[in-house]
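Peer 1: Got a structure for you, written out below as C-alpha cells; questions coming shortly.
The values are calculated or read from the model by the stated rules, or taken from the named source; none is laboratory data. Owing to the predicted nature of the structure, the values given are computational and were not obtained by experimental measurement. Heads up, the Cβs are rebuilt from the backbone with ideal geometry, glycines too, and the neighbour counts pull from every protein chain shown. With ligands, DNA and RNA removed, areas are computed over all heavy atoms of the protein, side chains included. Shrake-Rupley method; radii C 1.70, N 1.55, O 1.52, S 1.80 Å.
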Amino acid sequence: MKHEPIMIKGGYIIDPLNKVNCEVMDIGVLDGKIVDPSTIEGKARVIDAKGKLVMPGGIDLHTHIAGPKFNAGRIMSPYDHRRAWIKATLDGWSGVGLTVPSTTFIGYRYAQMGWTTIVEPATPPIKTRHTHEELDATPIVDKACFPLFGNSRIVMEFVSKNDIEGLKAYVAWVLKSVKGYAIKIVNPGVAEPTWWNRYVGLDLDDQLPDFGITPRDIVRALCRASLELKIPHQIHVHCNRLGFPGNYVTTLRTMDCVSDLYKGDRPIIHITHVQFTGYAGTSWANLASGGEEIAKYLNSHDHVTLDLGQVVFGDALTMTADAPFEFVLFHILMGKWHCTMTESEATAGVVPYSYRKNNYVNTVQWCIGLDVALLTKDPWKVVFATDNPNAGRFTKYPLALSWLVSKKAREEVMKKVNRRALKHVALPSIDREYTLYDVAVVTRAGPAKILGLERHKGHLGVGADADIAIYNLNPVEVDVSRDYRAFVEAFRRTYHTIKSGVIVVKEGNVVRPEFYGATYYVDATKLVDPNVYERTVKYLKEVFPQYYSVSFNNYVIEDRELRNPVKVEVG
Amino acid sequence: MPRLEVLLVTGRTLKQGAQIETARFTKDYEDVAALCFMNPDDMTELGVREGSNVKVTTEAGSVVVKVSAYKGNPRGLIFIPLGPWANAIIPAKTRSTGMPFFKDVKACVEPTDELVPSIEEIVFRNSGKKPLKVPVKYLMSPADFKCNDEGTFENHLCTICACLCDDLVLEVKGDMITNIKNACARSLAKFKSYAAERVKTPLMRVGDELKPISYDQAIDKTAEILVKAKYPLLFGWSTTSSEAAKLGVRLAELVGGIIDCLATFCHGPSVMAIQQFGIVTSTLGNIRDNADLMVFWGCNPPASHPRHFIRYSALAKGLKVKGRADRKIIVVDVRETEASRIADMFVKVKPGMDYELLTALLMVVKGFEIEDEEVAGVPREIIVKMADMMMSAKFGVLFPGLGLTATSARNRNLEAAIRLVQALNDWTTFSLVPMRGHWNVAGNNQVFAWLTGYPYAIDLSRGYPRYNPGVTTTIDLLVRGEVDAAMIVASDPGAHFPAQALKHLAKIPLIVVDPKWSLIASLADLYVPTKIVGIDAEGIGYRMDNMPLRAKQVLETYHLMDDVTFLEKLIEKVKEVKARET
Amino acid sequence: MPIINLNLIKDPIVPIEIETIIPNKIASLTLSEVAKMVVWVGKKQLKLSDVFQIEGEVGSKPEEVKIVFKGYTNRLRRVGEKMSTGEIEVLGDVGPYAGRKMKGGRLVIRGSAGPCLGAKMYDGIIEVFGSAEDRVGGSYRGELPAKGMRGGTIIVHGNAGAEVGLGMRGGTIIVDGSCDIMPGLDMSGGTILIKGDCTGKAGARMTGGRIIVAGRISTILPSFYVDEIRPSIKVAGEKIDGPLLVFVGDVAASEKCSGRLMVNLKNNPHLKRYEELLAEKVEVDL
C-alpha cells in the first residue's frame, strides 16, 4: 500500500509490547507500516503530537458487530435507530443506531475512538457468508470472526468417537472454508439446535443425550485441536450456565478442565464476558460477585485469559449463540425475543435489555466486571470489552475505562446504584486504579497478544502495522485518577486515528470514510495429516446431504468473495 | 342479469408462476392469468359455464376474465391468479402497511359478453400509458450467449423462489444450456427461456417509439433524472444479487430517494411483526431433519415454491424424521389447495379471520377458556385439537404465507402467530419460517438492515434513513402521488402493482433496469437491460430462512452490462453531477 | 388573534415537511423572517417563501399565533409536530404525521388527515372535519405496547382508518363515523369512542382503557369475556345510550383483563348470544 509518509512528532508514547511507558518519541509511518523516523525525516507530513498521548490502535477481541444475529437485533430495534444518525456525503455512507448501529456507523465510531481492529466473536459457520458481507461493509477497521464449534453435531460426533485427528481436520477445514479466525465455544453442547430449550442450565459435567458426552469433553477436545493446529488465538469459551446465579463455580471448573494441557508458553483458554459467568449466590435475590474467586484463580494460573463483559448502565441488546439463556431472559421480560436455530451448528437468541442503576441484580453485574479487572494482578490476562452490545454498547468504552483508571469515577457511580447490592461485591473496598499503561495493555497490547497478532498489531515498534491513535490528553499534566472526565473526553474522540498508514480521523471527524481494512482468517490445514484431511473431507461430503440443506460446494466461501482477505497461515 | 356478491382472493398458481419466467407478452399469459376460479355451484347460480367470460367488479374497478370451475373454493369465494388482470381490481389501500388488498376484497361477479382484454390492453388500462413492443432487431437470440467452459455444473443455484434450491445440475454445451436436472416447473421455464424477451441494448422511449442508446448515455440520463427529481423512488432489488442491493442503498442516499423492495407487498408484514415481537425461527435443514409437525398457514407451496415439500418440508427425508409418514401436516387456508390435499388436518378459516383463530389457539396454549363455540368459522373442538397437536409435537414449525400477511390484520396476524410460537416453546420446540416469495427478497431485508437499520421502505430524502410503512412504502407513496421519478430494478410492478399505483408510476419519469423486457419495461421512459444472476451473472442471495448462498454464472453475454457494474458507474456519475452542482 | 396565511399555490407533487412552522418557533418573528425559514421539499431544502405565498401577521406570543395552511395542503407532512400552544388550521386535506408529538394548542383540519394523525401526542386538541387514515394517536413501528398517545383529545368527524389509538395510554379519541379494524390495539389507558361502525378485532392486545363502539361490530375477539350490561355511559361529558354490552380483555395479552370494550347491543342483534351467556354466568355465580 503506497501512501504519503507521516511523522508523528513529540507525543507521549505508551507502547506496552515494547515496554515504552510515556516517553516522548517520534514515530514514522510509511506505506502502512511503522518505520524508523530517521528514514523519512523531511519528506513526511508532520503531525504535531506535542503534549498528546500516542498509543497503538485499540483492539476489541469480543464485540458483536456483524452477522445474522446482530442483523436480527437491528431489525428488531427500529426505535434504537431513531436516536442517532449521520448523513450521507459524497464519499461517506449514512448510518443510524446507538446499540445496534448500521455497519458503516460501527466502523466510523470505532475509528473515532481510536480502535482499529475488531472481532465478531460468534458466527454460525454456515451463515458466515452473511457475516463477511457485513464485515466487508464495515469501513476503516480490520476485522476477523470466530465460527461456532461448541454445539456442532459434527464436532460432537468426533468427540464421542474420541477422534481428535478427525476433529483437527474438521476444524481446519471449517476455518479455511468459512474464513474464520479461531474456535468459539458457546454453552458447549447445551445450545445444540435440536435440544436448545430442553436442557437449560446444564452444567459442565452433565451428560448430553444422543452422544453420551459432557460439555467438558467438548471443551477439552476443541482445546487440544486448537493447540495442535497452532491456531493463533486459543479457544474462546462462553461457559455453561451463563446467566445463572452461582455459575462462577462452573466458570472456574471450565478454566481448570484444560489446565493439564498447558505447556507453559501461550495461554490455552480464553473465557469471555466473565461478568455473565461470575455470579455467586443461589438465586437472583441473593446474587453476589464471584469476581474475587475468579481473580484469585487467574492470579495463580497462567493458562487462562479473559475479557470482562463489563456492564454499562443504560439500554443494551443481549445477543448470543446461547439460546437457552435468551429463552430464560425472555421469560423474565416477556418482550421481544428472537431465536434462530441453525442446522447442525448452533442456536442464537436476541433479547433487548436495559441495565438500571437502582436494580439490585444489575448493580451486582456492574461490579463483577470491575472486581475481576481490579483484583487480577496481571493486566495482560485481562481484556477490556463490554461484549458489545450485550452488557453495554462499545461507544461507552471511554466511560467504562474511566472506572478502571479512577476510584473517584467508580465512587460517583456507586452513589447512585442499588445500595444493598454493594454489600455483596468486592468493589467498594478496592483501591487499585489502572494506569494509562495498564489501559494500553487491556485495550491494545494484551488483546493483540491473545489474538496472536502481536507481531503486527498492538504495538508501535518498527515493522508494525501503522494503526495509531493519538489522544488529546497530556499524560504528564493530567492526573486521570482525579480528572477522569478529561480521560473520558479524550478517549471519546481521538485527535488523529491512523489506520494502515492513512489518516482516517482528524480531530474526531472521519476524513476517509471510504477506507476499508482487512479481514483476517486462519489456514491451519498444513498441520493436519494429509491422509486424515482427505478422509475427513470425504466423510463430510458423505454426511453433508444429511446434516445440511445446502450442498458441500456452496458452503465454502472463496477468497474473492471477501473485500480484503488476509490469510494467516500456520505450520 | 344475475349477479353474485363474493369475496375475491388472489394468489399464485403454478402455471402462472412458470409463465412469468418464460414470456409475458403472449396469449399464453392471458390463458393462465386472466382466470377466475369459482365454486361450480356458484357458476350454476350465475348461469356460466367453464370458459365463459365474467366481469368482476370491486371498489377499484372491473375486469373481464374467463371462468374456471374449482371445487376447492367455498361458495362465495373467487380466486384470480396474480397478474395485471387481478391488479385491475385490487384496491390500493394498505391499512398503512404497504400491503394492498390482495385478499378478502368484496366483489361482484356477473356474466358478460365483453371480451377478456389482451395483455397489452390490460397494461394500457392499468397504467394509462401505451405499452411498447421491442422491435425484433433489438432482441437477443440464443446465439448471443457464449460459454467459457462447457460441461456439467453441479450444485447450481436456482434463482427463482426463496427456496433457493442449490442442487440443480446444468449441462452446458455449444454455448447453450442443453439440459437441466432437479428443476421444478418454474425453474425449468426460466432456464429454458433464458434468451427470451432479452434486449441487446438500452432503449429510450421517444413518443411511442423506442430508440437504442448506449450504456453510457443511459447512465448519464439516469443520473440526470434521479438527481433532478425531488423525491425519487428506487424500487425492486428482490430478483438480483445482494451486491446490487447494497449499491442501491448507496444510490438512494446520494440521490435522496426512497428505497424499497418487493417485501413491501410480500412478507413486509412479517418483518414488521419481527420488529414488534422477534421470532423463533430455524433454518430449513433443521426443520427437514426434526420437524414432526408442520403447519402451512395461508400458503400453498406446490404452487408458489414447487420444491419446498420435497426438499425441506412435508415430503422431505430428514435425519430423525424420515418422511411424510413420520410427520403430521396441518393446513390452514380459506380454500382447498394442492397443499390441503396432503394434509392430516385441514382447517378452513373464514376469510380475514386468521387473527381470531391464532388468538384462540394462543388462549388454548396458555390455558384460557374460549367462550365461543366457534371462532373464525372453526369449531372449538377443532381449535383445541389443533393446539394439542402443536403442543405435543416434538418439533413443530409454522409456515405463514401471503394468506396471512396480505389479509385483514396483515402484520398483526403475524404478530399473533409469533406470540403463539413463542408460547409453544414452553411446551416443545416450535419455530416459524415466513414463506418468502422472490429468491432474494429475504436478502434485501438483510442488506437494507445492516446498511440503514431498517429492512425495507427506507426514506433517505434527508440523507439519513427513516422508515415507516404506510408512509414510506411504495404503494402508499404512489397512491398519494408523492414521488416524482422512479427507477425500477429487477422487478415487474406491471405484473404486481394495483392499477391505481401503476398509474402514477406511468406518469413520472420511469427508468427500468431489468434483464427481461417485462410489463413495466414496456412502459419505461428508459430501459436498461442487464444480466440474470445464476445464468450470465453471479451474486449472493438469501434463502427464506436467511441462508446466504452464492449463485454462479454458466453463460456469458458480451454486450450486456450486469446491474452491479451499471449501478457502480451510475453512482460515480451521480457523484460527479452532484459535485458539479455544489 | 393575528393570523398568518400560508398558501401553497402550485402542486409540489413531492411531500413537504413543515414541522418547523409551528407557533412556538415563529412567534414574534416578522413576516420576512418567517419567509426565510427553511422547509424540506422532498430531498431539497427550500425557503418557505419559495414554496408558499405568505401573508397576514404573526402574533408576538406563541399562544397568540394562528397559522393557516391553504392550497395543496395534502402534500404537507408533520403539520403541527411538537406544537405546544397557539393554533394551526388547515383548509384542506393533510398528509401523514399531523400533530405528531403535539404538546398543546389546537390543530384544526378542515379536510381529511393522512396516517399517524396525532401520533404519540401528549396534550392539546386535534379536530378533523374529514376522515383520518390509519393509526390515529398511534405509536411508532416496533415499539412496545403503551407508547402511543398519552393525553389530549382527537376528534374525527368523518371515518377513521385501522388501528385507531394504537398503543394509547391516555387521552380521548372520538370518531363520529366508522373505523377500520383493530381500534385500541395495544392500548393501556384512555378512551376511544367510535360512534359509527367498527370493522372488527376491536381491542386486540389491550391491557387497559376503554373502547366504546356505538354502531355495528361484526365479531368480538375470542380473547374477550362478556362481563356486564350497562344502560349507558358518559364519555367526555357526552352520554352514550345503551344498553351496552361490556367485555373485558384482552386475556391473550394480560391475564388481568383490565381493558374494557363496550358495544351497543341495540345495533348488534347478532351479539345477543353474549347476553344469554352473561345470564348463565350470573346463575353460576349465584
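Peer 1: Would you please put B:172-185, A:238-251 in order of how densely packed they are, using the mean number of other Cβ atoms within 10 angstrom per residue and starting with the highest?
Peer 2: Most protected by this proxy first, the peptides run A:238-251, B:172-185.
Peer 1: In percent, how large is the relative contact order of the stretch C:112-279, given Cα pairs closer than 8 Å and 6 or more residues apart?
Peer 2: Taking the mean separation of contacting Cα pairs over the length of the stretch C:112-279, I get 14 percent.
Peer 1: Another question, then. Rank by packing, highest mean first: peptides A:373-383, A:426-436, with packing defined as the count of other Cβ atoms within 10 Å averaged across residues.
Peer 2: Highest-to-lowest ranking by the protection proxy: A:373-383, A:426-436.
Peer 1: Sorted by average packing, counted as other Cβ atoms within 10 angstrom per residue and highest first, what order do B:278-289, B:425-436 take?
Peer 2: B:278-289, B:425-436
Peer 1: Another question, if that's okay. What translational diffusion coefficient, to the nearest whole µm²/s, does the stretch C:112-279 have by Stokes-Einstein, given a Kirkwood radius computed over alpha-carbon pairs, a temperature of 20 °C and 1.002 mPa s viscosity?
Peer 2: It comes out at roughly 141 µm²/s.
Peer 1: Please tell me the relative contact order of the stretch C:199-286 in percent, rounded to the nearest whole number, where contacts are Cα pairs under 8 Å and at least six residues apart.
Peer 2: 33 percent
Peer 1: In debye, nearest 20, what is the charge dipole magnitude of chain A about its Cα centre with +1 on Lys and Arg Cβ and -1 on Asp and Glu Cβ, if you could check?
Peer 2: Dipole of chain A, to the nearest 20 debye: 1180 debye.
Peer 1: Once you sort the root eigenvalues of the Cα gyration tensor of the stretch A:415-542 as a ≥ b ≥ c, which label holds: rounded (a/c under 1.5), prolate (a/b larger than b/c) or oblate (the other case)?
Peer 2: oblate
Peer 1: Under a crude label model (7 Å from the Cα following the beta-carbon direction), how far is residue C:91 from residue A:415 in nanometres?
Peer 2: Placing both labels 7 Å along Cα→Cβ, they lie 5.9 nm apart.
Peer 1: Per-residue Cβ counts within 10 Å, from other chains only, averaged over B:87-95: what number is that?
Peer 2: If you average over the peptide's residues, the count of other-chain Cβ atoms is 2.
Peer 1: A further question follows. Residue B:392 label point, 7 Å along Cα→Cβ, cut-off 16 Å on backbone N: hits in the stretch B:259-293?
Peer 2: Answer for this model: B:292-293.
Peer 1: Follow-up question, since we're still on this one. If you take every DSSP beta bridge whose two residues both sit in chain A, what share of them, in percent to the nearest 5, is antiparallel?
Peer 2: Percent antiparallel among DSSP bridges in chain A is about 55.
Peer 1: For chain B, give the magnitude of the charge dipole about the Cα centre (Cβ charges: +1 Lys/Arg, -1 Asp/Glu; no others), in debye to the nearest 20.
Peer 2: Roughly 360 debye for chain B.
Peer 1: Given a 1.4 Å probe and no ligands, DNA or RNA in the count, how much accessible surface is buried by C and B, both sides, to the nearest 100 Å²?
Peer 2: 4000 Å²
Peer 1: If you count the DSSP beta bridges with both ends in the stretch C:112-279, what percent of them are antiparallel, to the nearest 5?
Peer 2: Restricted to the stretch C:112-279, the bridges split so that about 35 percent are antiparallel.
Peer 1: Whole number please: convex hull volume per residue, Cα atoms of the stretch C:1-107, in Å³.
Peer 2: Value for the stretch C:1-107: 77 Å³ per residue.
Peer 1: Specify whether the C-alpha gyration tensor of chain C places it in the rounded, prolate or oblate class, a ≥ b ≥ c being the square roots of the eigenvalues: rounded for a/c under 1.5, otherwise prolate if a/b is larger than b/c and oblate if not.
Peer 2: Prolate, because a/c is 1.5 or more and a/b exceeds b/c.
Peer 1: Right, something else. Let me know the mean shielding of B:547-553 by other chains, meaning the per-residue number of their Cβ atoms within 10 Å of its Cβ.
Peer 2: Averaged over the peptide's residues, the number is 6.
Peer 1: Here's another thing I want to ask about it. What quantity of accessible surface, computed with a 1.4 Å probe and excluding non-protein components, is buried in total between chains B and A, in Å² to the nearest 100?
Peer 2: 5200 Å²
Peer 1: Over the stretch B:459-582, with every protein chain in place, what whole percent of the accessible area is carbon and sulfur at 1.4 Å, could you tell me?
Peer 2: Carbon with sulfur: 50 percent of the solvent-accessible area.
Peer 1: Treating the angle as unsigned and between 0 and 90°, give the value, to the nearest 10°, between the Cα long axis of helix C:272-285 and the longest Cα principal axis of chain C.
Peer 2: With rounding to tens, the tilt is 60 degrees.
Peer 1: What's the percent breakdown of Cα-Cα distances in the stretch C:67-143 across 5 Å bins, shortest bin first?
Peer 2: P(r) for the stretch C:67-143, in whole percents per bin: 5, 19, 32, 27, 13, 4, 1.
Peer 1: Still on this structure: Using 7 Å Cα-to-Cβ label points, what is the residue A:198/residue B:188 separation (nm, one decimal)?
Peer 2: Taking the two extended label points, one gets 4.1 nm.
Peer 1: Picking from C:72, C:15, C:136, whose Cα lies most toward the positive end of the charge dipole for chain C (charges on Cβ: Lys, Arg +1; Asp, Glu -1)?
Peer 2: In chain C, that residue is C:15.
Peer 1: So, with a 1.4 angstrom probe, what is the percent of accessible area on the stretch C:112-279 that is carbon and sulfur?
Peer 2: 48 percent
Peer 1: If you don't mind, there's one more thing I want to ask. I'd like to check one number: the per residue accessible area of the protein assembly as shown, probe 1.4 Å, reported in Å² as a whole number.
Peer 2: 31 Å²
Peer 1: If I ignore ligands, DNA and RNA and count only protein heavy atoms, how much of residue C:140 is accessible to a 1.4 Å probe, in Å² to the nearest 10?
Peer 2: Its heavy atoms expose roughly 40 Å² to the probe.
Peer 1: Counting only other chains, what is the mean number of Cβ atoms within 10 angstrom of the Cβ of each residue in peptide C:137-144?
Peer 2: 6
Peer 1: Enumerate the amide H contacts of residue C:217 below 5 Å, restricted to partners 5 or more residues apart or on another chain; note that Pro and chain-start residues carry no placed amide H.
Peer 2: Amide H to amide H, under 5 Å and 5 or more residues apart or across chains, residue C:217 pairs with C:198.
Peer 1: Return the FRET efficiency for the residue pair residue C:234, residue B:130: r is the Cβ-Cβ distance, R0 is 60 Å, and the value is rounded to the nearest 0.05.
Peer 2: 0.50
Peer 1: Something else about it: Using a simple charge model, +1 on the beta-carbon of Lys and Arg, -1 on the beta-carbon of Asp and Glu, nothing else, what dipole does the stretch C:112-279 show about its Cα centre, in debye to the nearest 20?
Peer 2: With Lys and Arg at +1 and Asp and Glu at -1, about 200 debye.
Peer 1: Among B:221/B:575; C:239/C:272; A:87/B:578; C:234/C:266, which pairs are too far apart, with a Cα-Cα distance over 19 Å?
Peer 2: Those over the limit are C:239/C:272.
Peer 1: Something else: Tell me whether the protein assembly as shown comes out rounded, prolate or oblate; compute the Cα gyration tensor, take square roots of the eigenvalues as a ≥ b ≥ c, and use a/c under 1.5 as the rounded threshold.
Peer 2: rounded
Peer 1: Do you know the relative contact order of chain A, to the nearest whole percent, from alpha carbon pairs under 8 angstrom that are 6+ apart?
Peer 2: Averaging sequence separation for qualifying contacts and normalising by length gives 20 percent for chain A.
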